[in-house]
1. If I model a spin label as a point 7 Å beyond the Cα along the Cα-Cβ vector, how far apart are those points for Asp171 and Asp215 in nm?
2. Mind computing the radius of gyration and Dmax over the alpha-carbon atoms of the chain? Å is fine for both.
3. Which whole-Hz couplings ³J(HN,Hα) result when phi for each residue of the range 57-63 is put into the Karplus expression 6.51 cos²θ - 1.76 cosθ + 1.60, θ = phi - 60°, listed in order with x for Gly and Pro?
4. Give me, ordered by chain and number, the residues 5 or more places off Tyr162 or on other chains with an amide H under 5 Å from its own placed amide H.
5. Tell me, what ³J(HN,Hα) does each residue in the range 99-111 have, in order and in whole Hz, if you take phi through Karplus 6.51 cos²θ - 1.76 cosθ + 1.60 with θ = phi - 60° and put x for Gly and Pro?
6. Express in Å², to the nearest 10, the accessible area of Glu107 obtained by rolling a 1.4 Å probe over the protein heavy atoms while all chains stay in place.
7. Using θ = phi - 60° and the Karplus curve 6.51 cos²θ - 1.76 cosθ + 1.60, what whole-Hz ³J(HN,Hα) does each residue of the range 215-221 get, with Gly and Pro shown as x?
8. If I model a spin label at Ser196 and Glu45 as a point 7 Å from the Cα along the Cα→Cβ vector, what separation in nanometres do I get?
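The values are calculated or read from the model by the stated rules, or taken from the named source; none is laboratory data. For clarity, every value in this text was computed on a predicted model and none was experimentally measured. Because the Cβ atoms are built from the backbone with ideal geometry, glycine has one as well, and the counts that use them run over all protein chains shown. Side chains included, ligands, DNA and RNA excluded: accessible areas come from the protein's heavy atoms. Shrake-Rupley method; radii C 1.70, N 1.55, O 1.52, S 1.80 Å.
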Amino acid sequence: MTLRKVFTAGLLGTALLASTAQAEVRDIRIGVDVPYEPMEYRTAEGELTGFDIDLGNAMCAEIGIQCEWVVQAWDGIIPGLAARKYDAIMSSMTINDERREHVLFSEPYFTPPSAWFAPTDLDMETPDTASLEGLTIGVQRGTLQDNYVTDLYGDVADVKRYGTADDLVLDMDADRVDIGFLDYPVGQSTLLDSDSGEYKVVGEQITEPKEYFGDGFGIAFRQRDQELADAFNQALAALKENGTYDEIFNRYFGEE
């Protein structure tokens, strides 16, 4: 069965599919939080782009549907899915047990580490309770990085939360945040590659414990939409097989 037929079956039912094999498959809407460069952001011309956007569009093309991207702030992105504002979320969402209680995840499509980012003049080798005491730590609100920092260091440091990674970077540039904790690709794009200041990674990249850092990024669906999740899983596998995934990956992160 083709991906298009799998997806159609989920929407119309097997019996209807048998009698309308050529029926048009409806477009779907995908929720995304912008900006989160290099995963999702706007070009100077206002067009949505980024790893998630390009990969999502490629998966939709593989399935044989059109995808409309709906911009939604992170702290309301799962409620927006439940309220049917869109049919899926593809916005660098980490798969973890807490979120599995509310959404159905695709297979992981990307597994990034998290990392500490600070101005190059910060004298720190390894972030820990002693070295972070009294500092202001910046995180994006509602993320796994927020949960990790709050639980481990919230008693000794001032945890400052931001709606977007770009807002966090603005306060780091203005010396209102001592150190930030972000997905590594986001920190690399917004801080290490930034022209506004000089930044470095402090300590090792972090992927454990799994209770915080989960199993990589996944596409989230309403829990009853298993057929839709299956269609995207098959599309992802096909893109990895035919080289399209690697082409998109290398566009944003260079050679693996």
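1. About 3.3 nm separates the two model spin labels.
2. Cα radius of gyration and Dmax of the chain are 19.6, 69 Å respectively.
3. Rounded to whole hertz, the list is 5, 5, 5, 4, 5, 5, 6.
4. Residues meeting the criterion, in which the H sits 1.01 Å from N, are Val139, Gln140, Arg141.
5. These are the phi-based 3J(HN,Hα) values: 6, 4, 5, 10, 9, 9, 9, 6, 5, x, 10, 6, 10 Hz.
6. Spelled out: Glu107, probe radius 1.4 Å, area about 110 Å².
7. Values per residue, Gly and Pro as x: 10, x, 7, x, 8, 9, 10 Hz.
8. That separation, rounded to one decimal, is 2.5 nm.
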